[in-house]
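What follows is a single structure, written as structure tokens, with notes after it.
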């Protein structure tokens, strides 16, 4: 599934991490199993996640990560307005 050089049990553990939304754990496990560097491992896991989402979307227990910029902007604006109203 992932790489013929990685043991099957490690492959399943990596995939399970991805399905559960634990991308950092997946990267860590892939690095340990493959000996690849951080950048290469991150790129590989992101590519694998995309492939798995297309092939097995029902196995994902979380939504795809999306930016939280809008939420942070809302809280920053609220904090600014509260600060302004108090002053």
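Each label point was placed 7 Å from the Cα along the Cα-to-Cβ direction; for residue 40 and residue 86 their separation is 5.1 nm.
Extension gain, residue 78-residue 32: 0.36 nm per intervening residue step, less the Cα-Cα distance, totals 12.2 nm. Under 15 Å from a point placed 7 Å out from the Cα of residue 62 along the Cα-to-Cβ direction: which residues of segment 2-31 have their backbone N that close? The answer is 14-29.
Rule-based calculations on the coordinates, nothing more; no lab input. Keep in mind that what you see is a predicted model, and the values were worked out from it rather than measured. With ideal geometry, Cβ positions are generated from the backbone for all residues, glycine too; neighbour counts draw on all protein chains shown.
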